[in-house]
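Below is one structure, written out as structure tokens, with a few remarks after it.
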Amino acid sequence: MYAITIEQPADAGEIETLLDQVFGADRSRRTVYRLREGVRPIADMCFVLRHHEDLVASIRFWPVEIAGDLPALLLGPIAVRPDRHGRGYGAALMNHALDAARDLGHAIVLLVGDADYYARFGFGRAPAQGLSLPGPVDESRFLALELKPNALEGVAGMVGKARCLRVA
């Protein structure tokens, strides 16, 4: 049996170890980390999944703005311990987190990741077509999900750090 809970400060060390295992210690060189530098993740949008007492998976969301004024969430990273892949933990965590985002009134979620994996959660390249990130990224991996219908209709511009947390 597993439990999904809000990430606690005491989880930080385990989460960093998990992220190093999954993405490597040099992960902070990636473009999306520019949007995270000096910004705190959204506390009520960061979750961990534990199987018994073991931290198995983690997901975080960060506030961003599109074209300087449209609030959005940047998902990432989501990580599952390599020895626990294929058991549905990542999907359970993702579904839980996206439900929480909807419940809190968020309209847009962005991420950089595997299009085939994230398509099952509703992410796609098409909604992100007019958007750009502040650095190099494989465009086929830059995906978006509209939690509110047409939230990205006619939207274009650079994704940047949020000045403050707002809900669209």
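The values are calculated or read from the model by the stated rules, or taken from the named source; none is laboratory data. In this text the structure is predicted, and so the values were computed from the model without any measurement. Cβ placement follows ideal geometry from the backbone for every residue including glycine, while neighbour counts extend to all protein chains displayed.
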Cβ-Cβ under 7 Å, sequence separation 6+ or interchain: first residue in region 59-86 and at pLDDT 95 or above, partner among the hydroxyl-bearing types (Ser, Thr, Tyr). Which pairs? 79/58; 80/89
Can you tell me how many residues in region 102-114 are touching a strand residue (DSSP E or B) at 6+ places or on another chain (Cβ under 6 Å) and surrounded by fewer than 22 Cβ atoms within 10 Å (Cβ to Cβ)? 1
Only one residue in 12, 57, 25 is among the small types (Gly, Ala, Ser), over 12 Å from the mean Cα position of the chain (by Cα) and closer than 24 Å to residue 99 by Cβ. Which one? 57
Looking only at region 137-144, decide whether some residue is surrounded by fewer than 15 Cβ atoms within 10 Å (Cβ to Cβ), on the phi < 0 side of the Ramachandran plot and β-branched (Val, Ile, Thr). yes
Select from region 125-136 the residues that are within 13 Å of residue 32 (Cα to Cα) and exposed (fewer than 12 other Cβ atoms within 10 Å of the Cβ) and list them in ascending order. 136
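Yes or no, residue by residue, for (1) within 25 Å of residue 33 (Cβ to Cβ); (2) in contact with a Lys or Arg (Cβ under 8 Å, 6 or more places away or on another chain); (3) of a type in the set (S, T, N, Q):
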position	(1), (2), (3)
51	no, yes, no
65	yes, yes, no
68	yes, no, no
72	yes, no, no
79	yes, no, no
85	yes, no, no
Residues that are more than 15 Å from residue 68 (Cα to Cα) and at pLDDT 95 or above: list the strands (runs of 3 or more DSSP E) wholly contained in region 101-168 that include at least 3 such residues. 108-112, 142-146
